Amino acid sequence: MDFHDAIAQLTGNLVIAYDTRVKAATALQADTQQMLGDYQSELQNMANRQQEALNKNMRDLQHEVGQRLAEQHQANQEMTARQREHLDEFKSNLRHDTGQFVGDARAARSDMSRTQQEQLNAYKQNLHKSVGDMKQRTDDRMAEIRANHQAAANAQRQQLDQARNNMANHVAAVRAEIRANHQAAANAQRQQLGETRNAMANQVAAARAEIRANHQAAANAQRQQLDEARNNMANHVAAVRASNQAMQGRMRADFTAAGLTWQTFSMRMRQQRTAKAVPSPSAPAAAAPAPPEAPAHDAQQPQPLSDTGHDMTRIRGIGQGMQQRLKRAGIETYQELAAKSPDEVRQALGEVGRLANVEEWIAHAQELAAQPPEG
């Protein structure tokens, strides 16, 4: 596992731990909201039940009062009807008796003598007087009946008013008691809800403080590890630079020695060609000298890049290791990198890609792809 993989794994573990803490805090907050909603719903349900009970009592009371009033009214009507029937029957009987008597008197009037006529007149007067007395007694009886009826109606009305007042006082007392009970229950529930809210707030604050402390400790540990990794990387880079400088010094020395050797070899070759260029009189013409061989160091010259790949290390932030990862992911040219999106590059690189600045790589690759090819 290289440095980038270790950093990526450590960062992933920290992100997972932080997400777990955040989910726990979110779940705790959701439970608190649910509990508050349940308390409010229970309070509303209890108020609704008490209101329904009060409304039912009021409806029952109104129904009972209305039923009693209807029964009393019906009794009054029945008593009035019976009294009217008795009076009508008495009047009818009186008219019938009077008519019958007058008819009998008219039938016998022609056969009566003067004495009988006088007696009849006297009897008629007595009858008229009796009828007047009876009428007077009837009127007095009717007045007495009306007075009794009025007194009974007044008494019944007074009793109904008293019953209505008593019922109103009872209803007011019941309402006051229900309001007091409702207020006491609401105050108790409000107090319990406040205590629960405070306890929940303390728990949430403690959880947040614990999450902050854990996050700070993890951040400090990660920062310490990053500092150690940075120091190690700096030491490694310094060592690589020192090794590179030493290698460059050795290469310069080797090139200098090779140059001196080549100069010596060239000088000897020129001397030999000069000696061969002067022929003897009897010697045949010498063959043309062979061309000098290419110097050995020409074979060591750097070869140009192939058509299938580019030097990805020219892009800022890409080293040899990252170039090998890009090649394994199928990205070997500037054009291929420039055509990718940041998410695609990170997905191709895996965990290492989460820490890389792939946006800057793509922008630099687009600049290099737009340049004309050299030579």
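Every number in this text was worked out from the coordinates using simple rules, so none of it is lab data. All values derive from a computational prediction rather than experimental measurement. All Cβ positions, even for glycine, are placed from backbone atoms using ideal geometry, and neighbour counts span all protein chains on display.
For this structure, a couple of remarks:
- Of all lysines in the structure, those lying under 20 Å Cα to Cα from K327, and not within fewer than 8 positions of it along the same chain, are K340.
- Under the simplified labelling scheme, the D38-Q100 pair shows an inter-label distance of 9.2 nm, with each label point 7 Å from Cα along Cα→Cβ.
- Here the label points at N220 and A25, each 7 Å from Cα along the C-beta direction, are separated by 1.9 nm in the simple model.
- The stretch between R157 and Q192 holds 7.5 nm of extra length on full extension. This uses 0.36 nm per residue minus the Cα-Cα distance.
- Reachable aspartates and glutamates, given that their alpha-carbon falls under 20 Å from the alpha-carbon of K56 and they are not under 8 places away in the same chain: E64, E177
- Viscosity 1.567 mPa s, 4 °C: Kirkwood-radius Stokes-Einstein D of region 3-225 over Cα pairs, µm²/s: 46 µm²/s
- The phi torsions of region 8-15, fed into the Karplus equation with coefficients 6.51, -1.76 and 1.60 and a -60° offset, translate into couplings of 5, 5, 5, 5, x, 5, 5, 5 Hz, rounded to whole numbers, with Gly and Pro shown as x.
- Maximal additional length on extending the Q74-E351 stretch stands at 90.2 nm, based on 0.36 nm per residue less the C-alpha distance.
- Reachable lysines from K129, criterion Cα separation under 29 angstrom, eight or more residues apart if same chain: K91
- P(r) tail for region 310-375: Cα pairs beyond 17 Å make up 30% of the total.
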